[in-house]
Amino acid sequence: MNLKSKETLIDVFASIKTEAEKRFGKIKGDSNQNIFIGMATCGLASGAIEVKRAFEEALAEQKINARVISVGCLGHCYAEPLVIIDKPGFPPILYHNVTPGKANLLVKAFLRGDDPVFEHVLGAMEENELIPTVMEFPRFNQEKRVVMGKCGLIDPEDIYQYIAQGGYSALAKALTLDPEQIIFEVLESGLRGRGGAGFLTGKKWQFVEDAEEKGKFVICNADEGDPGAYMDRAILESNPHQVIEGIAICAYAVGAKRAIVYVRAEYPLAVKIVQKAIEQARELGLLGKGILETQFDLDVTVFQGSGAFVCGEETALIRSIQGQRGMPQPRPPYPAQTGLWGKPTVINNVKTLASIPPIIEKGGKWLKGIGTKKSPGTAIFSVVGNIVHAGLVEIPMGVTLRSLVFDICGGVPNQKRFKAVQIGGPSGGCLPEQFLDTPIDFDSLTEAGAMMGSGGMVVMDENACMIDVARYFLDFTQHESCGKCTFCRIGTKHLLDTLERITKGKGRDGDIELLEDLSIDIKEGSLCGLGKTAPNPVLTTIEYFRDEYEAHIQEKRCPAMMCRELTAYYIDLDKCARGCDACVGSCPTESIFTTRDRKKAIDQTLCVKCGECMTACPSEYDAVRKVSPPELAPKIARPEEG
Amino acid sequence: MVTLIVDNKEIETQEGSTLLQACLDNGIYIPNLCYLNGIEDPPGSCRLCFVEIEGYDQPRTSCRVKVQQGMVVRTNTEHVRRLQKTAFELLLSTHHVECRNCPANKKCELQRIAKFLHFGLKLKRLEPLERDIEVEHEHPFLEYIPTRCVLCGKCVFVCRKRNGQPMLSFAKRGFDTVISFFGENDKPVDVCNECYACAEICPVGALLVKDSPNTSNPWKRGSFNDKGKCQTPLK
Amino acid sequence: MNLSARTEEKVMFDHIASMLRTYEKKRENLMAILQEIQGKYGYVAPPALQMVAKHLGLSSCEVYGVATFYNQFRFNPPGKHQIRVCLGTACHVRGGDIILENFERKLEIKAGETTPDREFSIDRVACVGCCALAPVAIVDDTVYGHMAPSKVEGVILGFEIEKERKEREKQDSESQE
């Protein structure tokens, strides 16, 4: 680029940034009180709308001047709804599990008075002398936020907030560089694709840049289908501009003029927010024709995926954009050569693209300094299941599973024992306790039999049955198989049927070997990544929990007492209190009856084993028991009527 | 021309040809169901045509490999046979075996593959899978038998080739995938020009022509070569 | 089908016809069109598939093939209240299938079906991304986190009471007139 247009570009961006700072200054100024409420999907599900309304009403009633700002997701889902109150004279304070009642109290006590209501404080967001900061918690201080740095702190629907916090300056910088320089930085950073496979991002870009054909595309893959991972959704809902900025840099580097954000239709809020963000960026000349008054044009659109997990696979994704059945194509040719409408196409995950702006700003070497040598940067996990501090966690690569599960996320609740962690969703595997010291990076996880996948992580306690977990994932992949190739279409069905048989107590000798043999052939023979990885949950559970398989097959017993056909509930008559009716009302099938001596018993023929009676039974009696195999439950006949 | 070595035998073939076609042309049979000579972008879906190629760790589907000068290929290694047998066994577990009553008897591609792989038509380690399929849209003169269909997709391909638009297509997904005509009250919406190419090309007798006594057995109408491949020229 | 349902359908097809005119006749618009129909009416009626095929110059069976591939599209009218039970991993570990079963038992229909009075339909969804609140059910647009079998009855009862209240109000206003 010639010197003159370089100067114009810098001037144009500087004036946008000044405007942003002016506007954002108005929001975050010294004289104003601001209330930031987390309003991403998880916040909304926890009642953020009611909380917001309560704040607004209380403010109006008390005639207090404060601004209520909707922000995205901080990742601390266990504590939603989260609210940050920024009042002059105080550090910004983070409140957790805010209810409309608490909102009312906070307005009266803190905004009107000067009492920060310590009992509801999670921590301060900045160093100060009054309140301990959130950084004193491992859940905060062991994180390293590269991708999610601004998530939950800015209003995703206001582009100026992102710009005021340094957003789009990486794009402005990138446009002053040659495409080769950008690709060099990305290569130097060692960034690997965050969609799961871990291919070098810089290399992918280089292939497309090298292609001579015109009409290239950039596709942002936000077809997050892994049933237990939601970081892509959270990022798009909380800070869409960082992703868009990454897309624009990528498009400039590879020479694409069109980009598509492929979002699942199941994420309506993310779709809406991304569309709005694209609109705003276009208005400011950060997208569209002649970006920042340079020669670079980029048109970004949103495409909604219609609910097919397999469309996360890049060749299937392309077909679905083309209005076809989303069936994967054998590779090669790769999309980098023949992609959307036959044109060279970069397909990158949301997290990969969101990592680009910081790399351009701070240099490839900077990212290389984070994480491990072969897997630089950070990893985002959605840690869910039987875990105290569930939510999204961004950690440097190389942190061990143990410190992620126990230090950062607080371990397993209710004094239960940790049993296994399932990583990488339907393509991943279950790792037992002895793998807790495995460092989290692409290669170590693959070696252990799991995989990074999209970052779903489900922690399971002693009550989780590993065969049921394998069955669950196979049920998922079998439903989501596109049906194109023989191994995946029919093979996964046989795996599922066999697992189902085992969980129902109808396992046979030879079933374990059948599962193993079929799994290996499916892995080798399938056409696409979905089929090639589908048997992983089966293989890892057989490898690490073979005794559980044997208990199911030989003794018809579920050691974790989870498989419903192999367990039974009964009421311990010695403990049951005469005349107590607590369990009766809780039973959805009216299977609990009164015995002759006015105690309770369960009619096994009606019981659906939902466990509600166990929850309902007052803890001082604790009379409901669960056993496996079901024959262990004593048989008590219902007294005859009359 | 390109020369390559298949099973220690040197063969010659046209440049740009697929490995599978090159082998078939030279009298080296590799089991296959979804491949058609001249098909652009072979679907590679039946997963039967595996071969081992020197320089690659894993067997590859030969329909998706373009021949290269000096390529060294083996079609009958243990690894290849294991994958072929499993794929075949899986297909068989959804195929209702009733050869005696099937018009495709003795011309059926599955019988041929079974013979080639020395693999019986009876299931041993797998249980037959019942597919719970309703034929949603009846066709006035074509009969579709989903319990025979191996979803090779040849019918969809030839129909598109002949008519520009396919009058039948894959529908649903995964294990429930079927070949479907779309229609209302038994009347197909798409007008079929009765070329019967779909029934002729079906390798397993899952698409039949009904009603007219002359055409009830498409296996009489089409002219087939000994490989069970339709010789009717495609447009 | 009663008369009002018939008119409703006719109105729907008229709307779809005019909506189609806003789309260029390009295959790449197929998904967007199907999504718009699904979003507006909750299902894609078979005649609508034909209209779309005709507009885009595709064969109907091809459009049918594409539409049946994706989970998002229904081909029968959904219930007035759509219950979607999440069966993502986190929800499964925390008993999502028991929640689904309770809805099924209470409404006497299976997942994917609609009650005969067309009030409710139940669907299973893969993951709605609220894993920390597992198990989760979504009724219409409201997310219910930390579901329990005993909460199922309450949710349905809530809608039934609401319906009764509305009917009473309607009757009251009618009797006043």
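The values are calculated or read from the model by the stated rules, or taken from the named source; none is laboratory data. Computed from a predicted structure; not experimentally measured. All Cβ positions, glycine included, derive from the backbone under ideal geometry; neighbour counts span all protein chains shown. Each accessible area value is taken on the protein alone, full model and side chains, heavy atoms only, with ligands, DNA and RNA left out. Shrake-Rupley method; radii C 1.70, N 1.55, O 1.52, S 1.80 Å.
At a glance:
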item	result
Relative contact order of chain C, defined on C-alpha pairs under 8 angstrom at six or more residues apart (%)	17 percent
Three-way shape call for the range A:444-514 based on the alpha-carbon gyration tensor, with the a/c threshold at 1.5	oblate
Alpha carbon centroid spacing (whole Å) that separates the range B:100-167 from the range A:234-307	45 Å
Cα shape, the range A:567-632, gyration tensor, a/c 1.5 rule	rounded
Shielding by partners, peptide A:580-589 (average Cβ within 10 angstrom, other chains)	2
Burial order of peptide ranges C:118-131, B:74-87 (average beta-carbon count within 10 Å, highest first)	C:118-131, B:74-87
Residue-normalised accessible area of the range C:81-176, given per residue in Å² at a 1.4 Å probe	49 Å²
Degrees separating the helix C:3-20 axis from the principal Cα axis of chain C, which is the longest one	60 degrees
Mean-position separation - Cα centroids, the range A:157-196 and the range B:6-32, in angstrom	49 Å
Backbone HN-Hα couplings from phi across the range B:29-39 [Karplus 6.51/-1.76/1.60, Hz, Gly and Pro as x]	7, 10, x, 7, 10, 9, 8, 10, 4, x, 6
Cross-link table A:K351/A:K374; A:K173/A:K257; A:K257/A:K374, entries beyond 26 Å C-alpha to C-alpha	A:K257/A:K374
³J(HN,Hα) computed for each position of the range A:62-72 - Karplus, 6.51 cos²θ - 1.76 cosθ + 1.60, integer Hz, glycine/proline x	7, 6, 9, 8, 8, 9, 9, 10, 7, 10, x
Heavy-atom accessible area per residue - the range A:77-139, 1.4 Å, Å²	44 Å²
Average partner coverage of B:176-182, which counts Cβ from other chains inside 10 Å	6
In degrees, nearest ten, helix C:149-176 long axis to first principal axis of chain C (Cα)	70 degrees
Accessible surface, the range A:159-368, averaged per residue in Å² (probe 1.4 Å)	30 Å²
For A:42-54, mean number of other protein chain Cβ atoms within 10 Å	3
Relative contact order (%) - criterion: Cα under 8 Å, at least six apart; region: chain A	11 percent
Trypsin sites (Lys or Arg not before Pro) restricted to the range C:127-177 and DSSP loop, no more than 15 other C-beta within 10 Å	none
Hits among lysines - C-alpha to C-alpha of A:K63 under 22 Å, sequence gap 8 or more where chains match	A:K26, A:K28, A:K52, A:K87, A:K102, A:K108
Qualifying aspartates and glutamates (Cα of each under 16 Å from Cα of A:K216; at least 8 residues distant if same chain)	A:D297, A:D299, A:E314
Chain pair B, C: total accessible area buried, heavy atoms, 1.4 Å probe, Å²	1300 Å²
Dipole of the protein assembly as shown, positive direction: furthest Cα of A:G428, C:C131, B:S45, with charges on the beta-carbon	B:S45
Hits among lysines - C-alpha to C-alpha of A:K556 under 18 Å, sequence gap 8 or more where chains match	A:K504, A:K506, A:K609, A:K626
Student exercise, the range A:365-475 dipole from Lys, Arg, Asp, Glu Cβ charges, in Debye to nearest 20	280 debye
Degrees, to the nearest 10: A:201-210 long Cα axis against longest axis of chain A	50 degrees
Shape category assigned to the range A:345-464 from the gyration tensor of Cα positions, a/c cut at 1.5	prolate
Loop GluC sites (Glu not before Pro), the range C:1-107, which have at most 11 other Cβ atoms in a 10 Å radius of their Cβ (DSSP)	C:E24
Gain in span if fully extended, A:M614 to A:I64, counting 0.36 nm per residue against the direct Cα distance	193.2 nm
Taking N as its residue count, the alpha carbon Rg of chain A over 2.2 N^0.38 Å	1.07
Buried area at the A-B interface (accessible, heavy atoms, 1.4 Å probe, summed, Å²)	2700 Å²
Helical mean residue ellipticity (222 nm; -39500 (n - 2.57) per DSSP H run of 4+; nearest 500) of the protein assembly as shown	-11000 deg cm²/dmol
For the range C:81-176, alpha-carbon Rg and Dmax in angstrom	14.9, 54
Share of carbon and sulfur in the accessible heavy-atom surface of the range A:159-368 [1.4 Å probe, %]	52 percent
Reduction of at least 10 Å² in accessible surface, 1.4 Å probe, comparing all protein chains with the chain by itself, residues of the range C:85-100	C:L87, C:T89, C:A90, C:H92, C:V93, C:R94, C:D97, C:I98
Within the range C:1-110, trypsin sites (Lys or Arg not before Pro) in DSSP loop having at most 14 other beta-carbon neighbours inside 10 Å	C:R21, C:K25, C:K26, C:K110
Square roots of five times the Cα gyration tensor eigenvalues for the range B:31-129, Å	27, 16, 11
Length-normalised contact order for the range C:3-69 - Cα pairs under 8 Å, 6+ apart - percent	28 percent
Rounded Å value of the spacing that divides the Cα centres of the range C:131-177 and the range C:17-86	29 Å
